[in-house]
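Undergrad: Handing you a structure now.
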């Protein structure tokens, strides 16, 4: 019995972590003769690189392998079962790329047969497929690393030719956002000095508010940047992050309401604190989505400055909201 599969590749939805394999291969029945196998090769239109001929039993299970050189030099009337190498090394369709790479490095074969759980031959994975997969994974990891470094304000040139002067020059512009936002926040605090002097406990929670807003803004930036290049509508991302921000803001605001109330016994202030946290987290989520999108539409690399700018604006909005609500509701 002779057969040849025609479709390509593993259809597993999570196959990015597993081996690729082609179902286009040279496979013959172990009861066939060499002459019959040659006729099959001539009649077939195999497109890929063919290194081995595989032998199967009547149920389609892999029973042996024949290198093409041995197939060519064997007598035409000989049976495949007489010249095949029995119990060949094989991979399974669930085999990971890491394991497949170890096999190729250990055995130095150009291809391995792939079988299912019952041992039936379903395809072949070749060394060139593995190289392509490995390169693709490395490119994805490198791209993700580069995006992460850009998000936190470190340019790639610093890693290519590192030096103290160059690293300082590359990082300093991003820190200017923090300097400017810090000065602005100091001026805002000065404007509300009367409120701060009368209700000193307002200052106790400034770091909590700013920390939550900055963390949420950074997360929103990361989610938005990761969605670029994928078939995801930006409007949907923005609405999704706003909804997430609202729920997280409500949870964090509720927790801080209880903490501040049982600590200070100031119900009005606890309301001010919880509302501020809710508003600033939602705002940070919105900014973390919309700024990278705007940068991209303007032709500016969104990974270069969106995160520092989001943090700076979030700090200013958070502090202004906090002091304004406190001044209005506490009435110093």
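Undergrad: With a 10 Å radius around each residue's Cβ, average the other Cβ atoms per peptide and rank 33-41, 52-60, highest first. Please list the in-between numbers first.
TA: On the way: 33-41: 17.1, 52-60: 19.7.
The densest-packed peptide leads the list: 52-60, 33-41.
Undergrad: So if each residue of separation counts as 0.36 nm, and I subtract the Cα-Cα distance between residue 81 and residue 233, what length gain in nm does that give?
TA: Working: separation 152, 0.36 × 152 = 54.72 nm, distance 5.72 nm.
So the extension gain works out to 49.0 nm.
Undergrad: Per 0.36 nm of contour for each residue apart, how much would the distance between residue 128 and residue 98 grow if the chain were fully extended, relative to their Cα-Cα spacing?
TA: Working: separation 30, 0.36 × 30 = 10.80 nm, distance 1.48 nm.
Length gained, residue 128 through residue 98: 9.3 nm.
Undergrad: How high is the FRET efficiency between residue 176 and residue 300 when r is their beta carbon distance and R₀ equals 22 Å, given to the nearest 0.05? Before the final figure, lay out the partial values.
TA: On the way: r = 16 Å, r/R0 = 0.75.
Taking R0 as 22 Å, the efficiency between residue 176 and residue 300 is 0.85.
Undergrad: Let me ask something else about it. For labels at residue 73 and residue 266 in the simple 7 Å Cα→Cβ model, what's the distance in nm?
TA: 9.2
Undergrad: Sticking with this one: So, by mean Cβ neighbours within 10 angstrom, what's the order for 181-187, 320-326 with the highest one leading? Could the numbers behind the result be given before it?
TA: On the way: 181-187: 14.1, 320-326: 20.3.
Going by the mean number of other Cβ atoms within 10 Å, highest first, we get 320-326, 181-187.
Undergrad: Using a 7 Å offset from the Cα along the Cα-to-Cβ direction at both residue 243 and residue 193, what is the distance between the two label points in nm, to one decimal?
TA: Going from the residue 243 label point to the residue 193 one covers 4.7 nm.
Undergrad: Using mean Cβ contacts within 10 Å as the protection proxy, how do 280-286, 78-84, 203-209, 61-67 order, highest first? Intermediate results must be reported in sequence, preceding the final value.
TA: Values: 280-286: 25.7, 78-84: 17.1, 203-209: 15.1, 61-67: 19.6.
Peptide ranking by packing, descending: 280-286, 61-67, 78-84, 203-209.
Undergrad: Please work out whether the range 173-330 counts as rounded, prolate or oblate from its C-alpha gyration tensor, where a ≥ b ≥ c are the square roots of the eigenvalues and a/c under 1.5 means rounded, while otherwise a/b larger than b/c means prolate and anything else oblate? Don't skip to the end; give the middle numbers.
TA: Working: a/c = 3.06, a/b = 1.64, b/c = 1.86.
Taking the square roots of the gyration eigenvalues as a ≥ b ≥ c, the range 173-330 is oblate.
Each value in this text was obtained by applying a stated rule to the coordinates, not by laboratory testing. Just so we're clear, the structure is a prediction, and the values are computed from it rather than from any experiment. Note that we place each Cβ from the backbone using ideal geometry, even for glycine, and neighbour counts take in every protein chain shown.
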